[in-house]
1. Please return the ranges of helices (runs of 4 or more DSSP H) entirely within segment 114-203 where 3 or more residues are over 29 Å from E273 (Cα atoms), out of contact with any His (no Cβ under 6 Å at 6 or more places or on another chain) and free of Cβ contacts under 8 Å to residues at least 60 places away in the same chain.
2. So, D430, is that one of a type in the set (D, E), modelled with pLDDT under 90 and touching a helix residue (DSSP H, G or I) at 6+ places or on another chain (Cβ under 9 Å) or not?
3. Here is a check on your reading of the model: is R192 on the phi < 0 side of the Ramachandran plot, surrounded by fewer than 17 Cβ atoms within 10 Å (Cβ to Cβ), assigned by the TED database to the domain that holds V144 and of a type in the set (K, R)?
4. If you check every pair at least six apart or on different chains, which have Cβ atoms under 8 Å apart with a residue in segment 489-516 that is charged (D, E, K, R) and modelled with pLDDT under 85 first and a residue that is open to solvent by 30 Å² or more (accessible area, probe 1.4 Å) and not in a loop (DSSP other than H, G, I, E, B) second?
5. One residue is enough: does segment 266-283 have a residue meeting the conditions in the same structural domain as I168 (by the TED database), surrounded by 13 or more Cβ atoms within 10 Å (Cβ to Cβ), among the aliphatic types (A, V, I, L, M) and not in a helix (DSSP H, G or I)?
6. Pick out the one residue from I233, I301 that is of a type in the set (A, V, I, L, M) and not assigned by the TED database to the domain that holds E88.
7. When you check L134 against the structure, is it open to solvent by 30 Å² or more (accessible area, probe 1.4 Å), hydrophobic (A, V, I, L, M, F, W, C) and within 23 Å of K216 (Cβ to Cβ), yes or no?
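The values are calculated or read from the model by the stated rules, or taken from the named source; none is laboratory data. This one's a predicted model, so the numbers in the text were calculated from it and none came from an experiment. Positions of Cβ are generated from backbone atoms using ideal geometry, with glycine treated the same way; all protein chains shown enter the neighbour counts. Quick note on the areas: whole protein, heavy atoms, side chains included, nothing else; ligands and nucleic acids left out. Shrake-Rupley method; radii C 1.70, N 1.55, O 1.52, S 1.80 Å.
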Amino acid sequence: LGLLYQEYRDKSTRQEIETRRLQDSQTDPEESSPSEETPSEAEPTSSIESKAPPQISLLRNSNSRFNLWQDLPEIRSSGVLSILQPDEIKLQEAMFELVTSEASYYKSLNLLVSHFMENERLKKILHQSEAHILFSNVLDVMAVSERFLLDLEQRVEENIVISDVCDIVYQHTVNHFSVYITYVSNQTYQERAYKQLLQDKPAFRELISQLELDPKCKGLSFSSFLILPFQRITRLKLLVQNILKKVEEKSDRETTALDAHKELETVVKACNEGVRKMSRTEQMISIQKKLEFKIKSVPIISHSRWLLKQGELQQMNGPKTSRTLRTKKLFREIYLFLFNDLLVICRQIPGDKYQVFDSAPRGLLRVEELEDQGQSLANVFILRLLENADDREASYMLKASSQSEMKRWMISLAPNRRTKFVSFTSRLVDCPQIQCVHPYVAQQPDELSLELADVLNILDKTDDGWIFGERLHDQERGWFPSSMGEEILNPKIRAQNLKECFRVHKSDDSQRRKLGSRNRQ
């Protein structure tokens, strides 16, 4: 394909955003959209009777553009568009996108290897161990993509109407896609090594800049090539979801799509866990070194423990009855480390250390928001420890720096607490929704990274511009700036999004049972 995968992916997701915008402005979500338009009746069609299906050599044509299946000359000249139902044409488009995007992805991988990894000057600059960390097993990933693409291409060329692609996706995911887990799990070390090389080796920095300026790269950065495998395996799952939404219910194609989606979801989860495990272990060791216990010491490092949120809050001094006192010393600083199973309450001391004076299991925490008590007590909430370090109940009146920070702490401390809006997992008929129009990279553990065209249920929002959302395609939850998205106003589109989401996950009964308790992390 003429487009590198980064370009292809950007065009595809932006087209998805525009399609949803158009649907949102219409009263009927079934109305046609730019990305799914059916051929005009006025267009001449030729009979396809007694004709052998023409081969589509799209994947071998380096000059091919970003096309729809129905726009291909072979398809238009065949007359097949006058025979197929509109729903089948939409399904063909969904399968075709999976194939062409894999071709574009393979092209970008090939450029990463040939233009960067195999550059002779770069080989001389990098030590063998540095090159290994930087490029990991990308050759294995590229070989898997090539094999996958060849099978997809063969299927496309079997018949002008694509029979299925999800059976191929399933076979390759089960038998070959474990290479993605290896590559993605190395991401933390890869990013660190790249930053260190840029800092320590001027020759590396200069060469990478020169290579990036080559017209082949089309203005794209070296790091955008390194992250391709992680982006692809995630996107592949979404492309299968898109096919699943369009296949006929209770059909063979639905079965293969569900099977492929389930296996891809397993790989994506393993990739995510691989990344998290690497970074979490180092983070826990770093935190352990900073803590000094005034109370009985609690072992912090555990394979099943990770940080959810940390930060400074203001603790109110004195009994509750003194909260109407007008004094600037009403509050004093404390510092909280919240893990998935434990809360540690500290005071910061010199030397970037923290003295721990209380703790409690996360499951024994309760929070309560105070009613408006005036400016000095704005954004104040009560934190109750049902059983603290002294085996007794304790209460803390805490003040956050903003409304969003208060809500973020309350939801993190007590994840089972009811949010403003009910989540996807409740099977609510309608719920506020938002689609991402600007990508966002999480800055804190309680935030959610967003990709273009992600659709989320809005669970809570603040007056100072933050949203607590639940992404529909994987039920991941987190906070993000409201400026990253556009609210979906059409209730029919919101209902359609939920219906499609339920269908994607309907085959996994165990997942359905877990949905209500998901993300108490």
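1. Working: elements: 120-125, 128-135, 138-158, 166-175, 178-185, 187-200.
By residue number, 120-125, 138-158.
2. Details: of a type in the set (D, E): yes; modelled with pLDDT under 90: yes; touching a helix residue (DSSP H, G or I) at 6+ places or on another chain (Cβ under 9 Å): yes.
Yes.
3. Values: on the phi < 0 side of the Ramachandran plot: yes; surrounded by fewer than 17 Cβ atoms within 10 Å (Cβ to Cβ): yes; assigned by the TED database to the domain that holds V144: yes; of a type in the set (K, R): yes.
Taking the combined requirement at face value, the residue satisfies it.
4. Here the result reads R503/K245; K506/R512; D508/K262, each pair linking segment 489-516 to a residue that is open to solvent by 30 Å² or more (accessible area, probe 1.4 Å) and not in a loop (DSSP other than H, G, I, E, B).
5. Checked segment 266-283: no residue is in the same structural domain as I168 (by the TED database), surrounded by 13 or more Cβ atoms within 10 Å (Cβ to Cβ), among the aliphatic types (A, V, I, L, M) and not in a helix (DSSP H, G or I).
6. I301
7. Values: open to solvent by 30 Å² or more (accessible area, probe 1.4 Å): no; hydrophobic (A, V, I, L, M, F, W, C): yes; within 23 Å of K216 (Cβ to Cβ): yes.
The answer is no for L134.
A quick yes/no check of all residues on (1) in a helix (DSSP H, G or I); (2) touching a Ser or Thr at 6+ places or on another chain (Cβ under 8 Å); (3) modelled with pLDDT under 90:
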residue	(1), (2), (3)
T327	no, no, yes
F337	no, no, no
Q355	no, no, no
R366	no, no, no
A389	no, yes, no
